[in-house]
Amino acid sequence: MLNVTNVTKKFGELTAVNDLSFSVAEGQVFGIAGPNGAGKSTLYNLITGLYSFEGDISFKDRNISGLPPHKIAKLGISRTFQIPQTFPSLNVRQSMGVGSYFGSKNGYQKDYVDRILEFVNLADKQDEMTGQLNLLDKKMLMIGAALSTKPDILMLDEPMAGSNAKEILKLMDLIQRINQDLGVTIIIIEHFMKVLTELTEKLLIIETGTEICCGDPVEVTSDPRVIECYLGDAND
Ligand SMILES: Nc1ncnc2c1ncn2[C@@H]1O[C@H](COP(=O)(O)OP(=O)(O)OP(=O)(O)O)[C@@H](O)[C@H]1O
Ligand SMILES: [Mg+2]
């Protein structure tokens, strides 16, 4: 469904993404991990059209390299950000509607927004201003707004960051339901290895923009190269 082929991104002297290639299959939950500064968020910025790059990215057999972000969103790729972003002047329902209005192929659909409000457990908070929400609800809203574009792929950037154990379980449950009940393919960047081994079917590890290994999450997380570059300090 998504094919990334020999993709490189340089910021001046710094190579943030270095000749990366991987494929995400339809229906898969695909994980990406690596130390801070490995190039994970930059990779999302390339897939979603924020920066130019060398190499090719194709989605549903169409080359999307060089397309602007709004076109890529309309083709069916949606994402969240590492730091939850909401619209402070809008309430929860309106914020959710922005994704539906601007991002989806068919424009604003009230029934679908209602369904997503229920799906992310925000139906009873739909009239609250987004600034009033706690961190978990802000994350739920950001994920809901991404879903309201009716994506084929949802790309999550460290959705568990700053969450406690109970919140992590809620977010894991939500991600599984998005994948299974809504049939959305998921790419997830995450630092928590336990989350990745439980949620994902395939896991890519990168360091300084370069692939360390890619494959079955249990095998990947026991690979000595991964333990050395990453798990040593993250899997305490
Ligand atoms: N717009 C930019 N201009 C210059 N350098 C950048 C830019 N965006 C990212 N970088 C650099 O590219 C490298 C990769 O950054 P990136 O944010 O992709 O890492 P990451 O894997 O998401 O890290 P983290 O786990 O901390 O979120 C870093 O060295 C970062 O400083
Ligand atoms: Mg990042």
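Provide, as a two-decimal number, the C-alpha radius of gyration of region 44-130 over 2.2 N^0.38 Å, N being how many residues it has.
Ratio of Cα Rg to 2.2 N^0.38 Å: 1.26.
Expressed as an acute angle from 0 to 90° and rounded to the nearest 10, what is the orientation of the C-alpha long axis of helix 135-147 relative to the principal long axis of the chain?
90
How large is ³J(HN,Hα), in whole Hz, for each residue of region 109-123 in order, when computed from phi with the Karplus curve 6.51 cos²θ - 1.76 cosθ + 1.60 and θ = phi - 60°, using x for Gly and Pro?
10, 4, 4, 6, 4, 4, 5, 6, 4, 5, 4, 9, 6, 10, 4
Divide the volume of the convex hull of the Cα atoms of the chain by its number of residues and quote the answer in cubic angstrom per residue.
In the chain, the Cα hull volume divided by residue count equals 120 Å³.
Can you run phi through the Karplus equation (6.51, -1.76, 1.60; θ = phi - 60°) for region 8-21 and list ³J(HN,Hα) in whole Hz, with x for Gly and Pro?
10, 10, 10, 10, x, 6, 7, 8, 7, 10, 10, 6, 8, 9
Placing unit charges on C-beta atoms (Lys and Arg positive, Asp and Glu negative, everything else neutral), compute the dipole magnitude of region 145-226 about its Cα centre in debye, rounded to 20.
260
Evaluate E = 1/(1 + (r/R0)^6) for residue 127 and residue 85, where r is the Cβ-Cβ distance and R0 equals 22 Å; express this FRET efficiency to the nearest 0.05.
0.60
Taking 8 Å as the Cα distance limit and 6 or more residues as the minimum spacing, I'd like the relative contact order of region 180-228 as a percentage. Walk me through the intermediate numbers first.
Numbers: 38 pairs, mean separation 12.1, N = 49.
Across region 180-228, relative contact order equals 25 percent.
Quick one: if the Förster radius is 22 Å, what FRET efficiency do residue 10 and residue 62 give, using the C-beta to C-beta distance and rounding to 0.05? Write down the numbers at each step before the final one.
Working: r = 25 Å, r/R0 = 1.16.
The value I calculate is 0.30.
Treat region 88-150 as a sphere of radius equal to its Kirkwood radius over Cα pairs and apply Stokes-Einstein at 4 °C in a medium of 1.567 mPa s; give the translational diffusion coefficient in µm²/s, rounded to a whole number. Intermediate results must be reported in sequence, preceding the final value.
Numbers: Rh = 11.1 Å.
My calculation gives 117 µm²/s for D.
How big is the dipole moment of the chain about its Cα centre under a simple scheme where the beta carbon of each Lys and Arg is +1, that of each Asp and Glu is -1, and everything else is neutral? Debye, nearest 20, please.
On the way: 22 positive and 30 negative charges, 189 e Å.
It comes to approximately 900 debye.
At a threshold of 8 angstrom on Cα-Cα distance, excluding pairs fewer than six apart, so keeping six or more, what relative contact order does region 88-150 reach in percent?
The value is 52 percent.
Using only alpha carbon pairs under 8 Å that are at least six residues apart, calculate the relative contact order of the chain and give it in whole percent.
Once normalised by length, the contact order is 26 percent.
Every number here is computed from the coordinates shown, using simple stated rules; none is lab data. Please read all numbers here as calculations on a predicted model, not as lab measurements. Positions of Cβ are generated from backbone atoms using ideal geometry, with glycine treated the same way; all protein chains shown enter the neighbour counts.
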